[in-house]
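Where a number appears in this text, it was derived from the coordinates with a stated rule and is not lab data. Everything numeric here is computed off the predicted structure, so don't read it as measured data. When we count neighbours, we look across all protein chains shown, and the Cβ atoms used for this are built from the backbone with ideal geometry, even at glycine.
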Amino acid sequence: MNNNSKRHFIIMVHFRNPYIEVAGSERVIISQERNMRAKGVETIILFPIQKQILECQIYGWGIIHNAKLVSVTTVRGVIRYLNNINDGNICDGLIIHNFHGINLEDLEMILNGFSRIIIFVNDFSSCCTQFNLCFNDDYYCGNAAIYQEKCNECVYYDSGKQLQKKVKKMLSNNKQFMVVAPSESAANIWHTAYTSFDIRSIKVVPLQKVNEKKRLVAGDGAYLDTIRVAYVGNPQKIKGWNEWIKLVDSLHDMGKDSNYEFYHLGNCNVERKYIKHIPVSIKRDGNEAMIKALKENKINVALLFSGWPETYSYVYYECLAADVFVVTSSISGNICNQVLTNRNGIVLNPDYKSLYYFFSDYPKVADSLKKYYMSQREIPMLYADNDEYLELLSESPFNSTFSREDSMAEILSSKLAKYLYFAKHFSDLAKKKREDK
């Protein structure tokens, strides 16, 4: 890819600055940015900045070049910037990581300049404006297809329908689109929205690869009378947090928690004297932080009870590496699939009742854990970022023009977006410093 003295660069589109927030998709982008720059490829990340003030919609685009924020501008400012970078250099394509909150007319203007475009399925924001596919933000709707019988009473029906219409137009107008999914589950669900797209052309590239494994013999592992159970990750309804809190409270109130110790490994401490909070920050402590925390606290069981089909789930693989038994739901996507494949946990119906019945029967939990520890199994010892997607990139000449210059309203809007963005950014930094103290 980097075969001459010219500078190579690649564009990534996301819905926010990936260096401020650290969720799964941001972790993907940062790892890709690191891999590309290690191979001599420059990176440009584009993200929208928007704010609604009364009746005024403020909108601009942030540009991050080689991990440094260099500009907040209009969409035509973005195109001018890319044209300048492209002059005498080589563009290796564009990756869309997220469609959430992005003005699709702006995006189309940017995409018109590219001949190689990859949609990376970190979530389902290219399928629906409710990117977890949850009906009215409540429960998983079953698939990514949008049609009246299924979606008519969902508040995202109209916006989701318009999104799919525009994405279908993009896919049909540009034959250089490629779709990359981090799991078979993500690929199959994405395809339910775009059935005319050949599913065989969706490339499945797991986000990590295993560099080293360790074989455990029967009996390896800490089997204790007291079982340590942890909710792993930040508290979110979509991740099963509400069910977790209700479960722990119920077991405690019913006197059925004497054989359990409850932990929360992640950020945001919820005060319960019977839940031990262990702060864990990947951003602060590195990618191995959660594996280390699971091992140091000798966690036996992890609750990964997601209420939507996870496209990958770093946390699952961290639990696998720490030799932790995973309790998940049948709709958790790649988590469910991997638990069944690796036989390192149990899959329950996606409701609180099933969760309570399992944990309230301590002998059943202990027996499930014992069978797991008595099995012969392999666990990953060392993960590395999977850079197979780089093989999909190739020289993609960028050449874009636009029919008119920016209007004064667009220029003012982008300048306001810039000032509001930096005001919030520095406010968030100050808040974080106070919290760290």
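Counting DSSP beta bridges with both partners in the chain, what percentage is antiparallel, nearest 5?
In the chain, approximately 35 percent of DSSP beta bridges are antiparallel ones.
Stretch Ile199-Ala38 to full length: gain in nm at 0.36 nm per residue minus the Cα-Cα span?
Value of the extension gain: 54.8 nm.
Only four residue types carry charge here, +1 at the Cβ of Lys and Arg and -1 at the Cβ of Asp and Glu. Report the dipole size of region 1-71 about the Cα centre in Debye, rounded to the nearest 20.
Roughly 340 debye, rounded to the nearest 20.
Just name one of Ser159, Cys319, Met254: the one whose Cα is farthest towards the positive end of the charge dipole of the chain (beta-carbon charges, Lys/Arg +1, Asp/Glu -1).
Of Ser159, Cys319, Met254, it is Cys319.
Along the charge dipole of the chain, which of Ser329, Ser354, Ser394 sits closest to the positive end, that is, farthest toward it, with unit charges on the beta carbon of Lys, Arg, Asp and Glu (+1, +1, -1, -1)?
Sorting the options by dipole projection puts first Ser394.
Pairs Lys214/Lys295; Lys203/Lys295; Lys68/Lys213; Lys51/Lys150; Lys39/Lys203; Lys246/Lys298: which are spaced more than 25 Å apart, C-alpha to C-alpha?
Listed pairs above 25 Å: Lys203/Lys295; Lys68/Lys213; Lys51/Lys150.
In square nanometres, what is the average projected area of the Cα convex hull of region 213-384?
Directional mean of the projected Cα hull area for region 213-384 stands at 9.1 nm².
Taking the Cα centre as origin and putting +1 on Lys and Arg beta-carbons and -1 on Asp and Glu beta-carbons, what dipole magnitude results for region 213-384, to the nearest 20 debye?
Around 260 debye, computed over region 213-384.
So if we plug the beta-carbon distance of Asn173 and His277 into 1/(1 + (r/R0)^6) with R0 = 45 Å, what FRET efficiency do we get, rounded to 0.05?
0.35
Using only the alpha-carbon atoms of region 268-311 as identical scatterers, what base-10 log of I(q)/I(0) does the Debye formula give at q = 0.15, 0.16, 0.20, 0.27 Å⁻¹?
The Debye formula, applied to the Cα set alone, gives -0.52, -0.59, -0.89, -1.13.
Give me the distance between the Cα centres of region 38-58 and region 152-203, rounded to whole Å.
Going from one Cα centre to the other spans 23 Å.
Suppose every K and R has +1 on its Cβ and every D and E has -1 on its Cβ; what is the size of the dipole of the chain about the Cα centre, in Debye to the nearest 20?
Computed about the Cα centre, the dipole is about 640 debye.
Return Tyr389, Tyr317 ranked ascending by Cβ neighbour count within 10 Å, so the fewest neighbours appear first.
In increasing order of surrounding Cβ atoms, one gets Tyr389, Tyr317.
Per 5 Å bin, what is the whole-percent P(r) computed from every C-alpha pair distance within region 37-179?
2, 8, 16, 19, 19, 15, 10, 6, 3, 1, 0
For the chain, I need the span (max minus min coordinate) of the C-alpha atoms along each principal axis, in Å, sorted largest to smallest.
For the chain, the Cα extents along the three principal axes come out at 71, 51, 51 Å.
Net charge within 12 Å of Leu369 by Cβ-Cβ distance, Lys/Arg positive one each and Asp/Glu negative one each, not counting Leu369 itself?
Counting the neighbours of Leu369, the net charge comes to +1.
Would you mind checking which residues have amide H under 5 Å from Ala302's amide H? H placed 1.01 Å from N; only 5 or more apart, or other chain.
Here the answer is Ala230, Phe325, Val326, Val327, since their amide H atoms fall under 5 Å of that of Ala302.
Order these by the 10 Å Cβ neighbour count, fewest first: Met36, Met254, Met408, Met170.
Met408, Met254, Met170, Met36
Tell me, in nm to one decimal, what length is gained between Lys214 and Arg343 on full extension, where the rule is 0.36 nm per residue of separation less the Cα-Cα distance?
44.9 nm
If R0 is 45 Å, what FRET efficiency do you get for Glu55 and Glu288 from their C-beta distance, rounded to 0.05?
Using R0 = 45 Å, I get an efficiency of 0.40.
Cross-link candidates for Lys370: which aspartates and glutamates have Cα within less than 18 Å, leaving aside residues fewer than 8 places away along the same chain?
List returned: Asp220, Asp225, Glu261, Asp323, Asp361, Glu378.
Share of antiparallel DSSP beta bridges in region 82-193, in percent to the nearest 5?
If we restrict to bridges inside region 82-193, about 20 percent are antiparallel.
What does the extension gain come out to for Val270 and Val70, with contour length at 0.36 nm per residue minus their alpha carbon separation?
Extra length from Val270 to Val70 when fully extended: 68.2 nm.
Between Lys165 and Ile411, what is the label-point separation in nm under the 7 Å Cα-to-beta-carbon projection?
With each label placed 7 Å out from Cα toward Cβ, I get 3.4 nm.
Considering only DSSP beta bridges where both residues belong to region 27-158, give the percentage that are antiparallel (nearest 5).
85 percent
Given R₀ = 30 Å, FRET efficiency for Met374-Glu296 by Cβ-Cβ distance, to 0.05?
0.80
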